[in-house]
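Worksheet for the structure shown next.
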Number of protein chains: 2
Amino acid sequence: MGKWEGFFSNETKGLKSSEIRDLLKLTEGKNVISFAGGLPDPSTFPVEDIKKITDEILETKSSSALQYTATAGVAELRKQLVSFSGLRGITGISENNVFVSVGSQEALFILFNVLVDPGDNVIVEKPTYLTALNVLRTRKPQFHGVTVTDKGPDLHALESQLKKLKSEGKRIKLMYVIPTAQNPAGTTMYLDDRKYLMELASSYDFLVVEDDAYGFLVFEGDNPPPLKALDKEGRVIYLGTFSKILSPGLRLGWIVADEEIIREVELFKQNVDLHTPSLNQFIAAEAIRRGVIQSNLPKTKALYKQKRDYMIQAMDKYFPSVVKRTKPVGGMFVFTWLPEKFNTTQLLQEAMLKGVAYVPGNSFYYDYSGANTMRINFSFPSKEEIEKGIEILGNLIKSKL
Amino acid sequence: MGKWEGFFSNETKGLKSSEIRDLLKLTEGKNVISFAGGLPDPSTFPVEDIKKITDEILETKSSSALQYTATAGVAELRKQLVSFSGLRGITGISENNVFVSVGSQEALFILFNVLVDPGDNVIVEKPTYLTALNVLRTRKPQFHGVTVTDKGPDLHALESQLKKLKSEGKRIKLMYVIPTAQNPAGTTMYLDDRKYLMELASSYDFLVVEDDAYGFLVFEGDNPPPLKALDKEGRVIYLGTFSKILSPGLRLGWIVADEEIIREVELFKQNVDLHTPSLNQFIAAEAIRRGVIQSNLPKTKALYKQKRDYMIQAMDKYFPSVVKRTKPVGGMFVFTWLPEKFNTTQLLQEAMLKGVAYVPGNSFYYDYSGANTMRINFSFPSKEEIEKGIEILGNLIKSKL
């Protein structure tokens, strides 16, 4: 027991160090090819534009850009986000429906605190985004999983579950869902399924927390409108992020939701950090207003499609055919299923000794199933690293068959 | 009841809209002289230096400054904060004792979540910083108050309380204290009292959360080292902020603490927002390294001393003599005591109609006492506004005597 451990709150005693994070720390300073992160390729950052914008902001608006601002966000950015949301088909909203957060992570943190009590019934995809799961876990809900197929979550299975839960007198509070370029599965739901999900949400009266982190990064196939665009009742809480389309280091995300929900989020954020950095918000507002983000997207999408293709080719070349994998239509990750006997958490230590890191897939399952899966990032590593890393990983898997 | 109210968590149902914030919203867009905020004078922002620094960072380090970074903070900033802490007499620490947060507000939020369980005994000054109190309240502790005299908290009274609590078998978890240029009282504890407080913390085995928001902004009299500089056991958790010495809009604060505590804070922050914005941290690191902050301080202190003197003179001229007030040795606020019959929350509505806003002092008392007090900011308003606003306020008070 540490010297100060007796002073820590009961609530945080559950915050154990992530096994993976500890493992990944072992790679620091070593020459390990990392497929583990979710980092954008830095060549996609519009550095020159950001520099020009920042200069002009500091020249003309430093008194506000360096000063405290409103908890809900800088007025100009909220205004720009109203029109920017239109690019995703979200209309009929005003600045009062928009809230700016420190990355979409903070939006997840605040929303799950504001909405979920211990024991509440929540639905998540299997698999789903691990850091959303981590926050949800701290709220101690009753989890219900819906399996992600290559067309998105299995809504027929979901409907059966909802019926069953209702018959047991259980009320569903919310569903957390990533309909577009799902992380980690890389799939996108069809429009019809989106409508179907909205009908389920309405019939069974639950909120939908829609994570659209990769909505602007679909490089193949259809990109139907987000659930929020189909939402007639205000039950969808939409999350966007600048991390994948401008710069993650600026830590900017946003929420589009009913004003009543925005108000509650605002009250909570007041305690968390008063407000999101002003300068960063001024930069993002200008990046939208000048079309910097919009005109940067095709380049980013082309690059990520290329890298995905490269990763897929490498997998087809080096992975044994018993390994199943997704072919993502957007985002930054390929998800793979190894034969059942594999435990990818155990395998990770060996992989790292051989010079490759990935994220074991069980982190993406609320029930820690998926022990034979792994998430592999293709946006950050170079083509050479992709080729070499996948070869090492493939050989390692083959050696264990 | 709102449409979505039934979906909000029990924990957040206590998050009521601040009466004052609602009142202050009434001033928006109106010509009201605001003594209510805690905004720095924007003329103190070293805009040209920030511009130059940002340009150079984007030129040479954009791949890291715009990318994700470590949860504990950018390595270079943590390194600079080790030496910067030396200016406040804090020595013998390494980067591992330093943690960067989204303003010191986030540090307060995380620390109180990590350290305080419902029912825990915590000590706060009467009065103390209202937003720290607001976060603490969400943790539902048992509050114990120690009155702030013109020499800081009354430590003899504290010792008696500690003895009593101990005899009742109650364990004290922590004390939240602002030893230097106290907000809102403006007082600074003598060195001997600081040593005395550290002895009490050691004997009664509680942690000390030391808020040093104004440590670099003492413009008069002694400025003894913070408690952290006297801490031999690692029981002081020190909070610093760039908001008052560089720019609040960058939202940067930091913690200096025992590694074991830093580790727990890191785990918690991982869920809150992954990390503090990278670009902002690079800017602050350079602002320290180049001495921008250090060489900007004398100007800021001179300006605030001048504004304080102006405020004090105006008060002496326009306030009736029954109103008692502090003469702050640093920071941004004068605290005043009106005759007992006054209720400054009620008075605020009238004051705003006449064109002046302030913060009613009861917000700074954990037990909402101090109904006859007010906090008045002098850093943001102009000299003309100070003169005019204090005249209006003085006349209003006189008319009620």
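Assorted remarks:
- Being buried (at least 23 other Cβ atoms within 10 Å of the Cβ), touching a residue at least 12 places away in the same chain (Cβ under 8 Å) and among the aromatic types (Phe, Trp, Tyr) holds for only one residue in A:Tyr304, A:Tyr310, and it is A:Tyr304.
- Among the residues of region A:225-243, not one is of a type in the set (A, V, I, L, M) and either in a loop (DSSP other than H, G, I, E, B) or free of Cβ contacts under 8 Å to residues at least 24 places away in the same chain (or both).
- Residue count for region B:61-99, restricted to those that are more than 10 Å from chain A (Cβ to nearest Cβ), more than 16 Å from B:Ala287 (Cα to Cα), assigned to a helix (DSSP H, G or I) and polar (S, T, N, Q): 2
- Any hit, region B:222-232, residues being of a type in the set (S, T, N, Q) and surrounded by fewer than 24 Cβ atoms within 10 Å (Cβ to Cβ): yes
Residue-by-condition table, conditions (1) at pLDDT 95 or above; (2) farther than 21 Å from A:Gly38 by Cα:
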| site | (1), (2) |
| --- | --- |
| A:Asp117 | yes, yes |
| A:Pro127 | yes, no |
| A:Leu133 | yes, no |
| A:Val148 | yes, no |
| A:Leu158 | yes, yes |
| A:Ser167 | yes, yes |
| A:Leu174 | yes, yes |
| A:Gly186 | no, no |
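- Within region A:20-31, not a single residue is modelled with pLDDT of 80 or more and assigned to a helix (DSSP H, G or I).
- Within the span defined as region B:250-271, one or more residues are among the aromatic types (Phe, Trp, Tyr), modelled with pLDDT of 95 or more and outside any strand (DSSP E or B).
- Test for B:Lys301: is it in a helix (DSSP H, G or I), more than 13 Å from chain A (Cβ to nearest Cβ) and out of contact with any strand residue (DSSP E or B) (no Cβ under 6 Å at 6 or more places or on another chain): yes
- Candidate set: region A:145-163, residues that are free of Cβ contacts under 8 Å to residues at least 12 places away in the same chain and out of contact with any strand residue (DSSP E or B) (no Cβ under 9 Å at 6 or more places or on another chain); chosen: the one nearest to A:Phe206 (Cα to Cα): A:Lys163
- Residue in region A:31-48 that is more than 25 Å from B:Lys269 (Cα to Cα) and without any contact (Cβ under 8 Å) to a residue 60 or more places away in the chain present: yes
- All positions within region B:274-298 that are away from chain A (no Cβ under 14 Å), under 21 Å from the mean Cα position of the chain (by Cα) and not in a helix (DSSP H, G or I): none
- Flag for B:Lys51 being closer than 18 Å to A:Leu279 by Cβ, at pLDDT 95 or above and more than 9 Å from chain A (Cβ to nearest Cβ): no
- Condition check for B:Ser243: more than 7 Å from chain A (Cβ to nearest Cβ), buried (at least 23 other Cβ atoms within 10 Å of the Cβ) and either closer than 23 Å to B:Asp41 by Cβ or β-branched (Val, Ile, Thr) (or both): yes
- Any chance B:Val256 is within 12 Å of another protein chain (Cβ to nearest Cβ), farther than 23 Å from B:Ser64 by Cα, touching a strand residue (DSSP E or B) at 6+ places or on another chain (Cβ under 6 Å) and buried (at least 24 other Cβ atoms within 10 Å of the Cβ): no
- As a summary of the residue check, A:Trp337 satisfies the conditions (1) touching a strand residue (DSSP E or B) at 6+ places or on another chain (Cβ under 8 Å); (2) within 30 Å of A:Thr69 (Cβ to Cβ) except for the one numbered (2).
The values are calculated or read from the model by the stated rules, or taken from the named source; none is laboratory data. Note that the structure is a prediction, hence the values are computed from the model and not measured. Positions of Cβ are backbone-derived with ideal geometry, glycine not excepted, and every protein chain shown enters the neighbour counts.
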